[in-house]
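Participant: One structure is given below, represented as structure tokens, and several questions about it will come after.
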Amino acid sequence: MSETTPFDPSEHTHRRYNPLSRSWVLCSPHRTKRPWQGAQESAEVPQLPEYDPKCYLCPGNERATGEKTPSYSSTHMFENDFAALKPETAVGRPQDINPHPLIRSQPARGRCFVICFNPAHNLTIANLSTPPYSPSTHIVPIIEAWKAAYASIPLDNPFVKYIQIFENKGSAMGCSNPHPHGQVWSLDYVPEEPGKALASQWEYAQNPSNDREGDPKSVNGRPNLLLTYAKWEMDQPGTPRVIASNEDWIAVIPYWAVWPFEVLVLPRSAHLNHLLAFSSAQVQSFAAIMGEVTLRYDNLFECSFPYSMGLHQRPLPPRKASSLSEEQKIEELQWDEAQFHVHFYPPLLRSKTVKKFQVGFEMLGEPQRDLTAEQAAKQLRDVDTKEHYTVRITKGDAGAA
């Protein structure tokens, strides 16, 4: 590009800034033309049964610990048999924990849970979004299970300071069991990624220069980073990064996306601090957009699209002011400015067999992507969502028989 060539983000190398994580991503759209001779994922799609007698998450089966999974009919939550965190407190002498200014550690406590989304071994959120299933009947119970976990875990574990709800889908994302399920980790500290996002939202709310006329505000009357971003996306001609929307929610490939088909689900115009703030109508519309995002994923390359998905919100439900220390009161004030949102991080790039690798420059320099957010959004927008691709294939096979 010469000094006089007009800049074209669909052709020319550039960087994009993520105001949540305060990081940059390098975009190299011209590289989408390069040939691929690297590693490929298997294109074979396993035919999963509705019930697998060897699956420890299927109703009535025995888990690795010998405990029996109950014969549940909707969702089911239990404590992870191989939890990354334990509720017991580890005690050590300061000189043992931090023997040198460069060598630091701290004890970590927590509890980890598993939530089975459905008794059927072969039904994902995407499957549950189309007939004979429906978001209102089959995805809403998953959201209600998330709400129950978010509300109850801090009450039973006063040491908990943060709750992370997430799902790893597919072996490409390290999922060890194909039965539809997610996880809930509760910790006695706020982890780094949500911590950065919370700090960014609080600083945005506190900056007077962000208080622009016409921009949406939080329930506290302050500027809200993600509400402002959602409005900006919906105001763009043709909404080039929006892949789905309804009366309460939008799903976008964020301007600063790192993963090829990364999606951010946001409230469209309401400040929703956490799951428990949702109205019944917002729960229904949230179920609908979660179903649509995952359906678009699956139908894009006609595969069970792998991803890591997670909810970011207020670390804990609001606490009673009378029982808080001064430090906790400051936390509450800052957490009040958080906006609920969902991240989807899928690895696939060009097809169901080619995935994105975060290696080399990405590990040593900064994240880099070839496909622009706008190009990825168009691909997902153009997907047919009348039915799940497996239903269409089944119909085709039946017609050919």
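Participant: Pull out a ≥ b ≥ c, the square roots of the eigenvalues of the alpha-carbon gyration tensor of the range 255-401, then state rounded if a/c is under 1.5, prolate if not and a/b is larger than b/c, and oblate in the remaining case.
Facilitator: Working: a/c = 3.06, a/b = 1.59, b/c = 1.93.
Because a/c hits 1.5 or more and a/b fails to exceed b/c, the range 255-401 counts as oblate.
Participant: Pairs to check: Lys356/Lys378; Lys161/Lys329; Lys54/Lys395; Lys169/Lys378. Give those whose C-alpha atoms are more than 21 Å from each other in this structure.
Facilitator: On the way: Lys356/Lys378 19 Å; Lys161/Lys329 13 Å; Lys54/Lys395 29 Å; Lys169/Lys378 23 Å.
As for pairs spanning more than 21 Å Cα to Cα, those are Lys54/Lys395; Lys169/Lys378.
Participant: Could you pull out every one of the lysines with an alpha carbon less than 20 Å from that of Lys217, ignoring same-chain neighbours closer than 8 positions?
Facilitator: Of all the lysines, those that pass the test against Lys217 - Cα under 20 Å, at least 8 places apart if same chain - are Lys231.
Participant: Ok, one more. Students often forget the sequence filter, so: which aspartates and glutamates lie under 15 Å Cα-Cα from Lys68 once same-chain residues fewer than 8 apart are removed?
Facilitator: Asp52, Glu79, Asp81
Participant: Subtract the Cα-Cα distance of Leu324 and Ser176 from 0.36 nm times their separation in residues, and report this length gain in nm to one decimal. Intermediate results must be reported in sequence, preceding the final value.
Facilitator: Values: separation 148, 0.36 × 148 = 53.28 nm, distance 4.03 nm.
The Leu324-Ser176 span can extend by a further 49.3 nm.
Participant: Still on this structure, I have one more. Add -39500 (n - 2.57) for each DSSP H run of 4 or more in the chain, then divide by its residues: what number comes out at 222 nm, to the nearest 500 deg cm²/dmol? Kindly include the intermediate steps, with their values, before the conclusion.
Facilitator: Numbers: 9 runs with 104 residues, N = 401.
That comes out to -8000 deg cm²/dmol.
Participant: Next up: Could you tell me whether the range 95-199 comes out rounded, prolate or oblate from its Cα gyration tensor? Rule is a ≥ b ≥ c as square roots of the eigenvalues, rounded for a/c under 1.5, then prolate if a/b exceeds b/c, otherwise oblate. Display every interim value, and only then the final one.
Facilitator: Values: a/c = 2.83, a/b = 2.08, b/c = 1.37.
It comes out prolate by the Cα gyration axes.
Participant: Per residue Cα convex hull volume for the range 51-160, in cubic angstrom? Mind showing how you got there, number by number?
Facilitator: Working: hull volume 17.2 nm³, N = 110.
With only Cα atoms used, the range 51-160 gives 157 Å³ per residue.
Participant: Right, here's the next one. Pairs of alpha-carbon atoms within less than 8 angstrom and 6+ residues apart define the contacts here; what relative contact order does the range 141-222 have, in percent? Can you show the working numbers first?
Facilitator: Values: 52 pairs, mean separation 19.1, N = 82.
That works out to 23 percent.
Participant: Now, a different point. With a cut-off of 8 Å between alpha carbons and a minimum separation of six or more residues, what is the relative contact order of the chain in percent? Walk me through the numbers before you get to the answer.
Facilitator: Values: 711 pairs, mean separation 81.6, N = 401.
This gives 20 percent for the chain.
Participant: Also, I was wondering about something else. On a straight-distance basis, which aspartates and glutamates could pair with Lys352 in a cross-link, Cα separation under 12 angstrom, same-chain partners fewer than 8 positions away excluded?
Facilitator: Reachable aspartates and glutamates: Glu41, Glu44, Asp298, Glu302.
Participant: Non-local amide H neighbours of His181 (under 5 Å, H modeled in plane, Pro and chain starts lacking H): which ones?
Facilitator: Phe117
Participant: Further question: Roughly speaking, what is the stretch gain from Lys68 to Thr89, that is 0.36 nm per residue apart minus the C-alpha to C-alpha distance, in nm to one decimal? Working shown, then result.
Facilitator: On the way: separation 21, 0.36 × 21 = 7.56 nm, distance 2.86 nm.
Full extension of this stretch gives 4.7 nm more.
Participant: Continuing with the same structure: More than 36 angstrom separation, counting every C-alpha pair in the chain; what % is that?
Facilitator: Details: 22892 of 80200 pairs.
Taking all Cα-Cα pairs of the chain, the fraction more than 36 Å apart is 29 percent.
Participant: How high is the relative contact order of the range 179-298? Use alpha-carbon pairs under 8 Å, at least six apart in sequence, and give a whole percent. Mind showing how you got there, number by number?
Facilitator: Numbers: 117 pairs, mean separation 21.6, N = 120.
Relative contact order, the range 179-298: 18 percent.
Participant: Run the lone-cysteine check on the chain: no other Cys C-beta under 4.7 Å from the residue's C-beta.
Facilitator: Cys27, Cys112, Cys116, Cys175, Cys303
Participant: Also, I was wondering about something else. At a temperature of 20 °C and a viscosity of 1.002 mPa s, determine how fast the range 151-228 diffuses translationally according to Stokes-Einstein, using the Kirkwood radius over alpha-carbon pairs as Rh; express D in µm²/s, rounded to the nearest whole number.
Facilitator: On the way: Rh = 15.5 Å.
Result for D is 138 µm²/s.
Participant: Let me ask another. Taking a ≥ b ≥ c as the square roots of the eigenvalues of the Cα gyration tensor of the range 141-275, is the shape rounded (a/c under 1.5), prolate (a/b larger than b/c) or oblate?
Facilitator: oblate
Every read-out reported here was derived from the displayed coordinates using simple, explicitly stated rules and does not represent laboratory data. Predicted model, so just to flag it, every value in this text is computed and none were measured. Methodologically, a virtual Cβ is constructed for each residue, glycine included, from the backbone with ideal geometry; neighbour enumeration extends over all protein chains shown.
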